[in-house]
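Student: Next up is a structure, given as structure tokens.
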Amino acid sequence: MTPTLAPRTTVLAAAASNGNRRRKILMIVSRYGTLIGLLGMIVAFTIKAPTVFLTVPNFLNILNQSSLTAIIAAGLTMTLVVGEFDLSIGYVASFAGLLVVGFIARDGLPVLIGIPLVLLIGATIGTVNGFLVTKVRINAVIATLGVGTALVGLGFAYSSFPIASGVPAEFVAIALGKPILGIPNPIFIMLVVLSILWVILNKTDLGQKMQAVGGNIEAARLSGIRVDRVKMFAFATAGVCAAITGTLLSSLLGSGTLAAADGYLLDAFAAVFLGSATLRDGEFHILGTLIGVLIIAVGFNGLSIFGAPTFFQPIFKGAILVLAVGLSTLARRYSKA
Amino acid sequence: MQSEPAAWLQVRDFSKHFGGARALSEVDIDIHRGEVHGLVGANGAGKSTLIRSLAGVITPDTGTVTIDGVETRIARPSDAEGAGLAFIHQELNLVPHFSSIENILLGAPKQKRFGIIDWKASRRVAYEAAERIGVQFPLDRRVDELSVAERWLVMISKALARDAAMIAMDEPTASLSDVESNQLFGVIRDLAASGVGILYVSHRLDEVLDLSDRITVFRDGRVTETAVRGQLDKRGLIRAIVGREMAAATRPPHVEVDRTDPIFEAKSVTRGKAVKDVSFQLYKGEILGLGGLVGAGRTELARLAFGADKLEAGGFELHGEPVPSGSIPAAVARGIGLVPEERRSQGLMLEKSVSYNMNIAVLQSLRTVPMLPFLSSGKAKARAQRLVNQLSIKTSNVNERIGGLSGGNQQKALIARWLAPGVKVLFLDEPSRGVDIGARQEIHAAIRQLADDGIGAIVISSDVEELAVLCDRVVVLCEGTVTGEIVGDEITEQRIIELSYAHIDSQGEEK
């Protein structure tokens, strides 16, 4: 008996250690794959076009462009942390961009009043989303899509009023100013917003509760957490972040344009899911989201440096979105021991 | 007995382990065509494991099934169906918005060529099956318009339409009225008379005694008794279910509890059919057990006390102050905690750390400064470390993923979640389910410790032995009402089981 047993156990042990090694490799790929991809792109672009890509102005440009996406994506991250979705963020941003220009250029409100007002409206819209999802119990996809679509209509209605000429210079300066070392304002704003959200998520009771709600909603409820309130807060935050992005975009464009920020929705989703497969196993987190945004921005930068035809951009975006969600799902699957 | 013909269905040497736990152990059972075969046993005794094995839902580790003289492999549900076995579970797997006909034929309609359903032939098959058991209502009605009793008839018709030779029924009368139950018994007797074997699983012992031609009793995964009609009375049956007349021997010495001033009280608590007019008191430093069968209303009662569900009548009082109904945060704020029944789905954030899982209910006390929402990671870690030591939770590090811990250690971490200064009452629903014997003793020690520290502990358990060795007092529920309260040396497994089945006493022959 024993002689036949011995080789078999060895084979089994070898198979097990093989499995372990495979699992380990998969885990490394899923945790660091996105970072490796980002570094790989940077190295490749640097070798291909050292004089254009690897320059301080180009990097500032990439960061500057990423800022708006990063802010709206960070808000989206909050809703995904609590296990929900927000498909209205792009429309909220567009709507906020129209409102802020209307308030300041047409109604003559001071910038320091107009902008907080718009952020408050963003928070209100987010709270409405949260209310529909938690209290009325409408599926988040439907609720936020409905609210977003309604906002498109409201945007039309609002922009049909004549907007007075000339957006004040101080409003335009918000996005175009470069206060320190030639670093554009949006980068600072992005860093501030992301830092605040990071602190909320990781260093406050509210953030811990948000993670509990997303991790196991029933366990969170049975721990005494007010699940609905926590979710509403996440939606409200997403609304504020969308309003910030919309405001910055209007400042950048110097006008309020219909549907200007709608496209941020998909970028934000792609970034957040890429981020969830970064450093952690499929968990949504702010740092990951930032890295996700940078991957997309570097990719786009490379596309334009190498003169890829414009039709290539949506293809790239779509591919990244699918890849991101795929990676995130894989990361979650392999984290289950 | 020897002269009997070979049974139609012969199960031999069935064993099944789940992890370290033995669910079935060398089980032999015979089921003849034309007999009603009662299956009884406490929760977890192995009845469902046997049924699930026969249904092809799980595969036993060892054992054979012989049907009509042929050894048959049942690896998946379709094998069981092909062999003529049908299973009707309490939940009645019907499609609510389909008609009875559609449900009867679900998955096996009569087809013409190219997969088109032959409705004419299908209706005929469905009606023939339904007529065999005397169905009176039109089969075109949607199933969700039918009563529970009528749905049972649809399920039985469904089994007959597939030429089932044996039908297993799990707790058929659980939600039927007396009249409906009696009608169903008539159907069952007729079916048996027509040659169908019936495997009848129920906690209602009078029914089982009344209906069954043969009764098999399960305990701890083994068959402990097989009796033909008339060999066993109810008392004998209960003795076979409990097995031994022990428990008092293994009880630790009693703790003297001062029962003058309750810390927590339920007053005529009522919600639907699940909990009916339940009252009890809990005293400081006491472990109170809630006994009864699964579905007796114990978990529902705990959820009501904890605010997870809203009361319909009655109320709970903590130190004489009413506890608001239907709000978990309000209950938690007043010092009521719950360690839920389903550790993984209701208790743990599996992807998070041990320390995170322990601290999630007491975050406010871990702030750096009480007025600001910022958490002190030092305080959080210190609390987790202290509790890991106190309950000897085996983990390399409080920052380890809790999903990687053993079940017993996970359970201790969940108990630790509620070990905080403000907590006065702690409900523990099935605290040692699915953990090994060593962990179970440690969990019991932890519960005793928290009671000694002045927390009132309420333990819900389907394991009567656990109640007998752990509790200072046991309140037993049956079908939503309190059937008895036992204190100190009165607490024996036998007594708890008797009270768990006491609804029969109130209606049946004993009084």
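The values are calculated or read from the model by the stated rules, or taken from the named source; none is laboratory data. Keep in mind that this is a model prediction, so the values were computed, not measured. Reconstructed Cβ throughout: ideal geometry from the backbone, glycine too, with neighbour counts over all protein chains shown.
Student: Considering the range B:357-373 alone, what residues qualify as being surrounded by 17 or more Cβ atoms within 10 Å (Cβ to Cβ), assigned to a helix (DSSP H, G or I) and at the interface with another protein chain (Cβ under 7 Å from one of its Cβ atoms)?
Tutor: The one that is surrounded by 17 or more Cβ atoms within 10 Å (Cβ to Cβ), assigned to a helix (DSSP H, G or I) and at the interface with another protein chain (Cβ under 7 Å from one of its Cβ atoms): B:LEU363.
Student: Next question, about the same structure. If you scan the range B:62-72, which residues turn out to be surrounded by 15 or more Cβ atoms within 10 Å (Cβ to Cβ) and not polar (S, T, N, Q)? Show your work before the answer.
Tutor: Residues of the range B:62-72 surrounded by 15 or more Cβ atoms within 10 Å (Cβ to Cβ): B:63, B:65-67, B:72.
B:GLY63, B:VAL65, B:ILE67 - these are the residues of the range B:62-72 that are surrounded by 15 or more Cβ atoms within 10 Å (Cβ to Cβ) and not polar (S, T, N, Q).
Student: Can you name the number of the only condition in (1) on the phi > 0 side of the Ramachandran plot; (2) away from chain B (no Cβ under 14 Å); (3) of a type outside the set (S, T, N, Q) that A:GLY224 fails?
Tutor: Status for A:GLY224: all satisfied but (2).
Student: Could I ask something else about it? Evaluate the following for A:ALA308: is it more than 14 Å from every other protein chain (Cβ to nearest Cβ) and closer than 23 Å to A:PHE59 by Cα?
Tutor: Yes; evaluated as a whole, the condition is true for this residue.
Student: Within the range A:17-71, restricting attention to residues that are among the aromatic types (Phe, Trp, Tyr) and surrounded by 18 or more Cβ atoms within 10 Å (Cβ to Cβ), which residue is nearest to A:ARG280 (Cα to Cα)? Lay out the reasoning, then the answer.
Tutor: Narrowing the range A:17-71 to residues among the aromatic types (Phe, Trp, Tyr): A:32, A:45, A:53, A:59.
Narrowing further to those that are surrounded by 18 or more Cβ atoms within 10 Å (Cβ to Cβ): A:45, A:53.
On the way: A:PHE45: 27, A:PHE53: 29 Å.
Residue satisfying both the conditions and the ranking: A:PHE45.
Student: Let me ask you something else. Within the bounds of the range B:169-183, is there any residue that is within 16 Å of B:LEU94 (Cα to Cα) and at pLDDT 90 or above?
Tutor: Scanning the range B:169-183 turns up at least one residue that is within 16 Å of B:LEU94 (Cα to Cα) and at pLDDT 90 or above.
Student: Considering only the range B:42-56, I want to know if a residue exists there that is within 22 Å of B:GLN231 (Cβ to Cβ) and in contact with a helix residue (DSSP H, G or I) (Cβ under 9 Å, 6 or more places away or on another chain).
Tutor: Looking only at the range B:42-56, we keep the residues that are within 22 Å of B:GLN231 (Cβ to Cβ), and these are B:42, B:45-47, B:50.
Within this subset, residues satisfying the condition of being in contact with a helix residue (DSSP H, G or I) (Cβ under 9 Å, 6 or more places away or on another chain) are B:42, B:45.
Yes, some residue in the range B:42-56 is within 22 Å of B:GLN231 (Cβ to Cβ) and in contact with a helix residue (DSSP H, G or I) (Cβ under 9 Å, 6 or more places away or on another chain).
Student: So, B:GLY195, is that one part of a helix (DSSP H, G or I) and at pLDDT 90 or above or not?
Tutor: Here the answer is no, as B:GLY195 does not meet what is asked.
Student: State which residue is surrounded by the most Cβ atoms within 10 Å (Cβ to Cβ) when the search covers only the range A:315-336 and only residues that are farther than 30 Å from A:PHE188 by Cβ and touching a helix residue (DSSP H, G or I) at 6+ places or on another chain (Cβ under 6 Å). Quick ask: steps written out before the conclusion?
Tutor: Of the range A:315-336, the ones farther than 30 Å from A:PHE188 by Cβ are A:315, A:318-319, A:322-323, A:325-327, A:329-336.
Next cut, touching a helix residue (DSSP H, G or I) at 6+ places or on another chain (Cβ under 6 Å) only: A:325, A:330-331, A:334.
On the way: A:VAL325: 17, A:LEU330: 17, A:ALA331: 25, A:TYR334: 18.
Ranking the qualifying residues of the range A:315-336, first place goes to A:ALA331.
Student: Limited to the range A:286-306, what total is found for residues that are modelled with pLDDT of 95 or more and over 17 Å from A:LEU76 (Cα atoms)?
Tutor: So the answer is 0.
Student: Another question, then. In a strand (DSSP E or B) and assigned by TED's automatic domain parsing to the domain that holds B:ILE29: which single residue out of B:MET169, B:MET155 fits that description?
Tutor: On the way: B:MET155 fails: in a strand (DSSP E or B).
Within the list B:MET169, B:MET155, the selection yields B:MET169.
One line per residue, one yes/no per condition, for (1) more than 10 Å from chain B (Cβ to nearest Cβ); (2) modelled with pLDDT under 95:
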| residue | (1), (2) |
| --- | --- |
| A:LEU176 | yes, yes |
| A:LEU181 | yes, yes |
| A:LEU191 | yes, no |
| A:LEU194 | yes, no |
| A:LEU201 | yes, no |
| A:ASP205 | no, yes |
| A:LYS209 | no, no |
| A:ALA212 | no, no |
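Student: Give the residue, chosen from B:GLY408, B:GLY320, B:GLY378, that is within 26 Å of the chain's Cα centre (by Cα) and farther than 22 Å from A:ARG226 by Cα. Walk me through how you get there before you give the answer.
Tutor: Details: B:GLY320 fails: within 26 Å of the chain's Cα centre (by Cα); B:GLY378 fails: within 26 Å of the chain's Cα centre (by Cα).
None of the others qualify; the one that does is B:GLY408.
Student: Among the candidates B:ARG303, B:ARG214, B:ARG271, single out the residue that is within 30 Å of B:GLY186 (Cβ to Cβ), in contact with an Asp or Glu (Cβ under 8 Å, 6 or more places away or on another chain) and either at pLDDT 90 or above or surrounded by fewer than 19 Cβ atoms within 10 Å (Cβ to Cβ) (or both).
Tutor: Details: B:ARG303 fails: within 30 Å of B:GLY186 (Cβ to Cβ); B:ARG271 fails: within 30 Å of B:GLY186 (Cβ to Cβ).
Just one listed residue meets the conditions, B:ARG214.
To keep it simple, each residue is scored yes or no on (1) touching a helix residue (DSSP H, G or I) at 6+ places or on another chain (Cβ under 9 Å); (2) of a type outside the set (Ser, Thr, Tyr); (3) buried (at least 24 other Cβ atoms within 10 Å of the Cβ).
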| site | (1), (2), (3) |
| --- | --- |
| A:CYS241 | yes, yes, yes |
| A:SER250 | yes, no, yes |
| A:GLY263 | yes, yes, no |
| A:ARG280 | yes, yes, no |
| A:LEU287 | yes, yes, no |
| A:ILE291 | yes, yes, no |
| A:SER304 | yes, no, no |
| A:GLY307 | no, yes, no |
| A:GLN313 | yes, yes, no |
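Student: Name the single residue that is farthest from B:ALA174 (Cα to Cα) among those in the range B:261-276 being without any contact (Cβ under 8 Å) to a residue 60 or more places away in the chain and not in a loop (DSSP other than H, G, I, E, B).
Tutor: Filtering the range B:261-276 for residues without any contact (Cβ under 8 Å) to a residue 60 or more places away in the chain gives B:261-262, B:265-272.
If we keep only those that are not in a loop (DSSP other than H, G, I, E, B) too, we end up with B:262, B:265-271.
Details: B:PRO262: 35, B:GLU265: 29, B:ALA266: 26, B:LYS267: 26, B:SER268: 23, B:VAL269: 22, B:THR270: 19, B:ARG271: 17 Å.
Step by step, filter the range B:261-276, then rank; the result is B:PRO262.
Student: Could you tell me which of the residues B:GLU351, B:GLU400, B:GLU341 is at the interface with another protein chain (Cβ under 9 Å from one of its Cβ atoms) and surrounded by fewer than 23 Cβ atoms within 10 Å (Cβ to Cβ)? Walk me through it before giving the result.
Tutor: On the way: B:GLU400 fails: at the interface with another protein chain (Cβ under 9 Å from one of its Cβ atoms); B:GLU341 fails: at the interface with another protein chain (Cβ under 9 Å from one of its Cβ atoms).
Just one listed residue meets the conditions, B:GLU351.
Student: Exactly one of these conditions fails for B:SER327: (1) in contact (Cβ under 8 Å) with a residue 40 or more places away in the chain; (2) surrounded by fewer than 23 Cβ atoms within 10 Å (Cβ to Cβ); (3) within 14 Å of another protein chain (Cβ to nearest Cβ). Give me its number.
Tutor: All conditions are met except number (1).
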